[in-house]
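Q: There's a structure below that I have some questions on.
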Amino acid sequence: MATDTEDTDWLSTDARLRWQRLKGRLFVGVLVLATLVGVLALAALFAYIGRDALGPFGAEPSWFLLYFGTAVTPIAAYTLYVTGRLRWLGDPHPDVRTVNDTAFAVVFGSLVLGLVVYAVATALAPEDVAIYVVCLSVPPLLVRGYARRYGETHFTGPGTPVSVLFGLGAGVVVAVTLGETLALLVDWLLFLVVVTLPAAALLGSLAVRRFSRRWGYLTSAAVLVLGPAGAIGGIVAGFDPALGVVLASGVLAPVGLLVADTVAHRRGGWPGLLGPVVLIGGVLVGATLERSLGITGLNSWLTPTLVFDSWSSTDPTAAGIYPQLVGSIIIVAVMAVMSFPVGVGAAIYLEEYAPETGWGGRLATVLDVNISNLAGVPSVVYGLLGLALFRNAFGLAPGLVITAGATLGLLILPIVIVAAQEALRSVPDELRQGSYGLGASRWQTVRNVVLPEALPGMLTGTILALGRAIGETAPLVMIGVAATRFSPPEGLFSGATALPLQIFASAGNAIPEYRTGVLAAASLVLLVTLLAMNATAILVRNRYENN
Amino acid sequence: MATEGHDTLQRDGLAVRKERLYGRLLAACAALTLLVTAGIVLALLGQTIVFFGEVSIVGYLTGTDWTPLIGEASYGVLPLVTGTLLVTVVSAVIALPTGLAIAIYLSEYATARTRAVLKPTLEILAGVPTVIYGYFALVYLTPLLNEVFPTRIGLIPAGVPVLPEYTFVVPSLRTFNVLSGGVVVGLIIIPMVSSISEDALSSVPDSLREAAYGLGSTKFDVSTKVVVPAATSGIVSSYVLALSRAIGETMAVTIAVGSSPQMPDLGNVLVNLTQENQTITAAMVQIAGAESLGGVTYESMFALGMTLFVLTLGMNVVAELVRRRYREEYD
């Protein structure tokens, strides 16, 4: 329309055409307006909650200037450099961007994962977690080792899941008999088992793949040394030695491996390693300057008290959501364990096994319709199912972690199945036919060809579903989960608690600071958790879509 | 596979049995979903039957009082149903046109880049926990709406001689009210309308658009007179699904709409929006929070659940039927 030639000029004098054009423009205007309604509503939600949670208007202008100088400008300049928009610095090496993405993922991923493991293991009692880590990982590893040593595959295939079940049983027995004895050990020794051993195995096998077998062993040995070193560091510096173990072997070790890998394989990409350093360093420098210069910072409700203390319903400044946060994480973990295997299994059956015709085909259609209907059942009705099933039929106490996790697991099951089905459908048929052509059976094809290809999509869908479920409140209310607990749940059969429940329960608190402060901060924590999970899902998707 | 006597090609018995075992295990996973449905139906049905043994079904369906927790309990579901309807209507007014407009924009007008930004944003809009929407409505939206809207609207401007002054009094919103609850439920279902409608719009084949352009249509004509009509079945089905979601929405309305069921006031319709009410879902949450195991009140929760389940399931089935029955097939 912008290219007015003489012809169209002559045409546009026609009133009818002008009206047509106006109509079209108005229509687009209305459409854009409607789209803006959605976007602006979201922006308003975040703006209001962010304002009340962080209190930016309480800060001096110099505070903003300070952080603008120490954190925002450097990271912005750095990002521009990495994306190749700072021409005068020269084009960055092509590896820089990959290294940068990996560096951010490794640093913040391992940090978050480490802290979550530390918090959850501390809540559930480290001795129990250590027992289950050993009991659940040793039997399948023995089976695998046997399979590799003797080249036997007939029984080791089904043997792996059976050995996991055996390990679970053994874990229960050991936890009952030895749990109390092991509890006498210092926590950090147990955390060596919970964090350092798996980290050593994982990083070691990564190093074997990236470098050589010898370097793999050396890496494992280094991680095993780093763990106790972290504990000693903790004792010397005066913080929990268990946290030292987690940080040293769970965060420092993977970062070290990343640096080594970059130096060895992607030397040109080294500037990519600086991203997290610039970000964390900038914030730290800003915080130090803020304190030494005596600048008034944010009037924030998002304080260490809020994140690390337990709830108080009378004093807003003392209210914290630590038990609820850890409770939510534990529920999500239970939910994932319950819904992912079953959901993937169901999807594999429907996509790969179910016959197209005959009774089997009809059954598959019924299952498909049933799943899409289940996805439309209101969440509060799932709460009633949980109530009737676990409380009335099984006679469990109200509001246990296991019931909460199972109820929400059933709630997200249809979503997980649909996501997994989509992932399976996107695997090209040529791969299956190639596998069949080589003489593989149906299960071998699924196991070795289809599943590896579809797994990222399945994980993405599941993480998104879990993110959705972390904010679910209604089913938890229905099954009688307590909003306020003053310590995180101690086990699967202990009372659960969840962050959204606390928000629900305190929305009616008469003290105004709760509504305009504590709850805003709690909501912000919930939103950030959710966004982080969504971002993880998108990262997983992008990483594997590109390959 | 080759089973007709080609002994040399046949897998040995163990491998065949293993295959069969895996197939059965996977089928069991799929069958579990049927068990979930059966569990829901049985759980609801069992307690509902017990409930209707004590409260007459006619009294339940036609009663205008829902007071299960105060004084002499009365179990009339009508005020809850009308409360739910009110919230749903408000959310529909917000979400259905907006959602469709977003869908048309995304499918017909937006550039690939805009879509790449808008679609994740809408996904986040749908992903925000509903409890936060409820909190947002209660703490921020209601005061905001109270400020924005005037309390009196002069239908005939004051100061005009001869004519009597006639002003229309808009009652101000209560702390808990239907309007802000309905608005946030509308926000919650916008992404559902827009994504399903957009799928329907983009699956209209380009040949139809090109044919219309060839006949001299403007983009506006193509969008509104060709693409949207061709995708009607998908759009209607998205509407029904979204409304079903609005009916089943729980936490936002529990927090924002409150917990005192009201029969609708047919005199001044706007009053219904400004005052407190209660939806079916909110009543269930209220009972779950207050009642211990057993008793008529406890059972009434399941009767409400059954009502909700039948209502939403019916709507979902209708949506599916509309989609299948009226789908335009293009080859």
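Q: Within the range B:309-318, is even one residue touching a residue at least 24 places away in the same chain (Cβ under 8 Å), surrounded by fewer than 17 Cβ atoms within 10 Å (Cβ to Cβ) and not in a helix (DSSP H, G or I)?
A: no
Q: Only one of these is in contact with a Ser or Thr (Cβ under 9 Å, 6 or more places away or on another chain) and farther than 29 Å from A:V334 by Cα: A:L387, A:L431. Name it. Working first, answer last.
A: Details: A:L387 fails: farther than 29 Å from A:V334 by Cα.
Just one listed residue meets the conditions, A:L431.
Rundown of residues vs (1) of a type outside the set (S, T, Y); (2) under 17 Å from B:G76 (Cα atoms); (3) in contact (Cβ under 8 Å) with a residue 24 or more places away in the chain, yes/no style:
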position: B:S238; (1), (2), (3): no, no, yes
position: B:A246; (1), (2), (3): yes, no, yes
position: B:I255; (1), (2), (3): yes, no, yes
position: B:L266; (1), (2), (3): yes, no, no
position: B:T281; (1), (2), (3): no, yes, yes
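Q: Another question, then. Can you name every residue in the range A:490-505 that is buried (at least 24 other Cβ atoms within 10 Å of the Cβ) and in a loop (DSSP other than H, G, I, E, B)?
A: Initially, the range A:490-505 is screened for residues buried (at least 24 other Cβ atoms within 10 Å of the Cβ), giving A:496-504.
Hits for the range A:490-505 are A:A496, A:T497, A:A498.
Q: Which of the residues belonging to the range A:40-61 are more than 14 Å from chain B (Cβ to nearest Cβ) and either surrounded by 15 or more Cβ atoms within 10 Å (Cβ to Cβ) or in contact with a Pro (Cβ under 7 Å, 6 or more places away or on another chain) (or both)?
A: The first filter runs over the range A:40-61 and keeps only residues more than 14 Å from chain B (Cβ to nearest Cβ), leaving A:54-61.
If the condition is that a residue be more than 14 Å from chain B (Cβ to nearest Cβ) and either surrounded by 15 or more Cβ atoms within 10 Å (Cβ to Cβ) or in contact with a Pro (Cβ under 7 Å, 6 or more places away or on another chain) (or both), then A:L54, A:G55, A:A59 are the ones that fit.
Q: Now, a different point. Quick one: which of A:L519, A:L476, A:L526 is within 19 Å of the chain's Cα centre (by Cα) and not in a loop (DSSP other than H, G, I, E, B)?
A: Details: A:L519 fails: within 19 Å of the chain's Cα centre (by Cα); A:L476 fails: within 19 Å of the chain's Cα centre (by Cα).
Among A:L519, A:L476, A:L526, only A:L526 is within 19 Å of the chain's Cα centre (by Cα) and not in a loop (DSSP other than H, G, I, E, B).
Q: Test B:V228 against the stated conditions and say whether it is within 30 Å of A:R21 (Cβ to Cβ), within 14 Å of chain A (Cβ to nearest Cβ) and part of a helix (DSSP H, G or I).
A: Working: within 30 Å of A:R21 (Cβ to Cβ): yes; within 14 Å of chain A (Cβ to nearest Cβ): yes; part of a helix (DSSP H, G or I): yes.
Answer is yes for this residue.
Q: Counting only residues that are more than 8 Å from every other protein chain (Cβ to nearest Cβ), among the hydrophobic types (A, V, I, L, M, F, W, C) and over 30 Å from the mean Cα position of the chain (by Cα), how many does the range A:378-398 have?
A: Summing the residues that are more than 8 Å from every other protein chain (Cβ to nearest Cβ), among the hydrophobic types (A, V, I, L, M, F, W, C) and over 30 Å from the mean Cα position of the chain (by Cα) in the range A:378-398 gives 2.
Q: Let me ask something else. Can you name every residue in the range A:364-373 that is within 28 Å of the chain's Cα centre (by Cα) and either surrounded by 23 or more Cβ atoms within 10 Å (Cβ to Cβ) or farther than 16 Å from B:T312 by Cα (or both)?
A: Taking the range A:364-373 as the starting set, the residues that turn out to be within 28 Å of the chain's Cα centre (by Cα) are A:371-373.
Matches in the range A:364-373: A:I371 only.
Q: With the requirement that a residue be at pLDDT below 90 and outside any helix (DSSP H, G or I), what does the range B:129-150 give you?
A: Once the filter is applied, which keeps residues that are at pLDDT below 90 and outside any helix (DSSP H, G or I), the range B:129-150 yields B:F149, B:P150.
Q: Same structure, new question: Return the residues of the range B:231-269 that are over 29 Å from B:R323 (Cβ atoms), assigned to a loop (DSSP other than H, G, I, E, B) and not hydroxyl-bearing (S, T, Y); say none if nothing qualifies.
A: B:G258, B:P261, B:Q262, B:M263, B:P264, B:D265, B:L266, B:G267, B:N268, listed by residue number.
Q: Return the residues of the range A:189-237 that are in contact (Cβ under 8 Å) with a residue 40 or more places away in the chain and among the basic types (K, R); say none if nothing qualifies.
A: The answer is A:R210, and nothing else.
Q: Hey, another quick one. Would you mention how many residues in the range A:353-377 are at the interface with chain B (Cβ under 8 Å from one of its Cβ atoms) and touching a residue at least 24 places away in the same chain (Cβ under 8 Å)?
A: Qualifying residue count for the region: 4.
Q: Something else about it: Is it fair to say B:L241 is in contact with a helix residue (DSSP H, G or I) (Cβ under 9 Å, 6 or more places away or on another chain), within 12 Å of chain A (Cβ to nearest Cβ), of a type in the set (A, V, I, L, M, F, W, C) and within 19 Å of B:L86 (Cα to Cα)? Steps first, answer last, please.
A: Details: in contact with a helix residue (DSSP H, G or I) (Cβ under 9 Å, 6 or more places away or on another chain): yes; within 12 Å of chain A (Cβ to nearest Cβ): yes; of a type in the set (A, V, I, L, M, F, W, C): yes; within 19 Å of B:L86 (Cα to Cα): yes.
The answer is yes for B:L241.
Q: Determine whether A:I511 is surrounded by fewer than 22 Cβ atoms within 10 Å (Cβ to Cβ) and among the aliphatic types (A, V, I, L, M). Explain how you work it out, then say what you get.
A: Numbers: surrounded by fewer than 22 Cβ atoms within 10 Å (Cβ to Cβ): yes; among the aliphatic types (A, V, I, L, M): yes.
Considered against the rule, which asks whether it is surrounded by fewer than 22 Cβ atoms within 10 Å (Cβ to Cβ) and among the aliphatic types (A, V, I, L, M), A:I511 comes out as yes.
Q: Give the residues of the range B:117-128 that are within 17 Å of B:A246 (Cβ to Cβ) and either modelled with pLDDT of 95 or more or more than 8 Å from every other protein chain (Cβ to nearest Cβ) (or both), sorted by residue number. So that I can check it myself, show each step before the final result.
A: Step one: filter the range B:117-128 for residues within 17 Å of B:A246 (Cβ to Cβ), giving B:122, B:125-128.
Scanning the range B:117-128 gives a single hit, B:A126.
So that you can scan it fast, the table gives a plain yes or no per residue for (1) of a type in the set (A, V, I, L, M); (2) touching a Cys at 6+ places or on another chain (Cβ under 6 Å); (3) crowded, with 18+ Cβ neighbours inside 10 Å:
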residue: A:T314; (1), (2), (3): no, no, no
residue: A:G320; (1), (2), (3): no, no, yes
residue: A:S328; (1), (2), (3): no, no, yes
residue: A:A354; (1), (2), (3): yes, no, yes
residue: A:A375; (1), (2), (3): yes, no, no
residue: A:L387; (1), (2), (3): yes, no, yes
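Q: Then there's this: What do you reckon, is B:S233 closer than 18 Å to B:L138 by Cα and out of contact with any Gly (no Cβ under 9 Å at 6 or more places or on another chain)? Working first, answer last.
A: Details: closer than 18 Å to B:L138 by Cα: no; out of contact with any Gly (no Cβ under 9 Å at 6 or more places or on another chain): yes.
Against the criterion (closer than 18 Å to B:L138 by Cα and out of contact with any Gly (no Cβ under 9 Å at 6 or more places or on another chain)), B:S233 does not qualify.
Q: When the residues of the range B:277-310 are narrowed to those that are modelled with pLDDT of 90 or more and more than 13 Å from chain A (Cβ to nearest Cβ), which ends up farthest from the chain's Cα centre (by Cα)?
A: B:N277
Q: Still on this structure, please answer the following. Please list, ordered by first then second residue, the pairs with beta carbon atoms under 8 Å, 6 or more apart or interchain, first in the range A:135-163 and within 14 Å of chain B (Cβ to nearest Cβ), second in a loop (DSSP other than H, G, I, E, B) and hydroxyl-bearing (S, T, Y).
A: Short answer, once both residue conditions are applied: none.
Q: Then there is this: So which of B:T84, B:T48, B:T64, B:T98 is polar (S, T, N, Q) and either free of Cβ contacts under 8 Å to residues at least 60 places away in the same chain or away from every other protein chain (no Cβ under 12 Å) (or both)?
A: Values: B:T84 fails: either free of Cβ contacts under 8 Å to residues at least 60 places away in the same chain or away from every other protein chain (no Cβ under 12 Å) (or both); B:T48 fails: either free of Cβ contacts under 8 Å to residues at least 60 places away in the same chain or away from every other protein chain (no Cβ under 12 Å) (or both); B:T98 fails: either free of Cβ contacts under 8 Å to residues at least 60 places away in the same chain or away from every other protein chain (no Cβ under 12 Å) (or both).
Criteria check complete, one pass: B:T64.
Q: What residue, of A:E472, A:E422, is crowded, with 22+ Cβ neighbours inside 10 Å, in contact with a helix residue (DSSP H, G or I) (Cβ under 7 Å, 6 or more places away or on another chain), among the acidic types (D, E) and modelled with pLDDT under 95?
A: Checking each option against the conditions leaves just A:E472.
Q: Please work out which one of (1) closer than 28 Å to A:E472 by Cα; (2) among the hydrophobic types (A, V, I, L, M, F, W, C); (3) more than 10 Å from chain A (Cβ to nearest Cβ); (4) buried (at least 23 other Cβ atoms within 10 Å of the Cβ) is the condition B:V236 fails and give its number.
A: (4)
Q: Looking only at the range B:168-186, decide whether some residue is at pLDDT 90 or above and touching a Lys or Arg at 6+ places or on another chain (Cβ under 9 Å).
A: Scanning the range B:168-186 turns up at least one residue that is at pLDDT 90 or above and touching a Lys or Arg at 6+ places or on another chain (Cβ under 9 Å).
Here is a yes/no grid of residues against (1) more than 35 Å from the chain's Cα centre (by Cα); (2) at pLDDT below 85; (3) of a type outside the set (S, T, N, Q); (4) not assigned by TED's automatic domain parsing to the domain that holds A:A253:
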{"site": "A:W10", "(1), (2), (3), (4)": "yes, yes, yes, yes"}
{"site": "A:R21", "(1), (2), (3), (4)": "yes, no, yes, yes"}
{"site": "A:L33", "(1), (2), (3), (4)": "no, no, yes, yes"}
{"site": "A:T79", "(1), (2), (3), (4)": "no, no, no, no"}
{"site": "A:G84", "(1), (2), (3), (4)": "no, yes, yes, no"}
{"site": "A:T102", "(1), (2), (3), (4)": "no, no, no, no"}
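Q: Same structure, new question: Pull up the range B:55-82, narrow it to residues that are surrounded by fewer than 14 Cβ atoms within 10 Å (Cβ to Cβ) and among the hydroxyl-bearing types (S, T, Y), then point me to the one that is farthest from B:G248 (Cα to Cα).
A: Checking each candidate, the answer is B:S56.
Q: Based on what the data block shows, is A:V401 among the hydrophobic types (A, V, I, L, M, F, W, C), crowded, with 20+ Cβ neighbours inside 10 Å and within 8 Å of another protein chain (Cβ to nearest Cβ)? If you could, list the steps in order and put the result at the bottom.
A: Details: among the hydrophobic types (A, V, I, L, M, F, W, C): yes; crowded, with 20+ Cβ neighbours inside 10 Å: yes; within 8 Å of another protein chain (Cβ to nearest Cβ): no.
No; evaluated as a whole, the condition is false for this residue.
The values are calculated or read from the model by the stated rules, or taken from the named source; none is laboratory data. Worth saying up front: this structure is predicted, and the values here are computed from it rather than measured. We place every Cβ from the backbone using ideal geometry, glycine too, and count neighbours over all the protein chains shown.
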